[in-house]
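Since the structure comes first, as structure tokens, the remarks are kept for the end.
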Amino acid sequence: VCGAELSVTYEYTSDSTKPYYYAREFSVVGSISGPIGTAFANFAFASVQIGFTIQTGSIDFSPGDYWTIGTLTARTSPNYRGISYAVFDTFYVGVSSSPRPFLFIVRRCPDPLAMGPTIANINGDANGAFAIYDLLTDDRYGLGILPGRIDATAFSYAATVLATEGLGISMLFDSQQTADQIIGEILRHIDGVVYVDMTTGLWTLKLARGDYDPTTLPEIGVDDIDKIQFSRPSWLETSNQVTLSYIDRGQDFNTRTVKAEDNGNIAVTGETRTEDVTFNGLSNGSAAALVCARCLKGFTYPIAKVTLTVNRKAWSYRIGGVFKLTWVPLGLVGEVFRIARIGY
């Protein structure tokens, strides 16, 4: 048949999840003659049988020709690996000639140690320990360190602690930064340190937490110290109120604040002194209140600082660890200190 209308009945299995009454365009391919053209369903359909009218025009069909008809709306998108992209299905953007820019809320909670979503996803936020592990090991946007050089036990323990506390992070890094800057910002949020252990040679993560027994800590005394520098601020050099700013996901990503104060310090010093801190990697009030209380502890008490030159008794000490110091002339007897820096 040439130059005439050809009625074709095509059986099509419908999918109740797709609005096919919008998708009435189909391709037509002859078994011998090849691509013929485009067919359109005669009406908005809901059954498994669809009637077509194919406008053949001047196309010459071959004897024994039969046709394959497929929906043009079932195209398979190419795999843009490593790139995030969005596919809109029956999406209405309005009638404006100048639509507003699209904004997307996306989430990625890495789980490099396969500890499960209860650890990797903390109330919709990423686990900071796993985020650091990801940055250390990824060879595309991270440092490309082999997983065998990472202390998996230390990172697993830290990840469990953060999940128990409900302290997740939600951060966007959209500009060029060094690994030290990015990891340092995460560490500031979770209150931890990363270092290479001198004994194992492994990258290790240590959180500053009160997870120790003071009676079992190693102790340094006068016989172990070659030089000591000690200082302690006065009460008037402390702060007794902290105002913390964060970005609240539940409030359309607007900036919110939480406050914490030490009434005892206010009573001792007779005035209120405020510190303002910003933690934009926090996304909810619970995590913000936890970090705010942590910051207050560091501001509200005149914490002593000491620099020591010691013998090899301290060879096993590591950054982030704790020890006891006894130095009677300064009134220190079994005083607990946390190690902030080590110069080997």
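Some points to look at:
- Cα-based reach from residue 305 at 18 Å (exclusive), listing lysines while leaving out same-chain residues under 8 positions away: 227, 297, 324
- Straight-distance crosslink candidates among aspartates and glutamates, where the alpha carbon sits under 14 Å from residue 206 and sequence neighbours closer than 8 are dropped: 151, 191, 197
- Mean Cα-pair separation over length for the stretch 202-292, i.e. relative contact order, pairs under 8 Å, 6 or more apart, %: 30 percent
- Considering only 280, 301, 320, and ranking their Cα positions along the charge dipole of the stretch 266-320 that arises from unit charges at the beta-carbon of Lys, Arg, Asp and Glu, the one farthest toward the positive end is 320.
- Peptide packing for 122-128, 325-331 was compared via the average number of neighbouring C-beta atoms within 10 Å per residue; ordered from the highest value, the list is 122-128, 325-331.
- The packing ranking of peptides 194-205, 333-344, highest mean first, is 194-205, 333-344, where packing means the average number of other beta carbon atoms within 10 angstrom of each residue.
- Nearest-20 debye value, the stretch 110-227 charge dipole, Cβ charges on Lys, Arg, Asp, Glu: 260 debye
- FRET E, pair residue 256, residue 33, Förster distance 41 Å, beta-carbon r, rounded to 0.05: 0.05
- Of the peptides 102-110, 307-315, the ranking by mean beta-carbon count within 10 Å, highest at the top, reads 307-315, 102-110.
- Projecting the Cα atoms of 238, 266, 251 onto the charge dipole of the stretch 224-272 (Cβ charges, centred on the Cα centre) puts 251 farthest toward the positive pole.
- For the stretch 287-314 versus the stretch 98-136, the inter-centroid distance based on Cα atoms is 29 Å.
Laboratory data are not the source of any read-out in this text; all were calculated from the coordinates shown. Keep in mind it's a predicted model, so treat the numbers as computed, not measured. Glycine also receives a Cβ, built like all others from the backbone with ideal geometry; neighbour counts cover every protein chain displayed.
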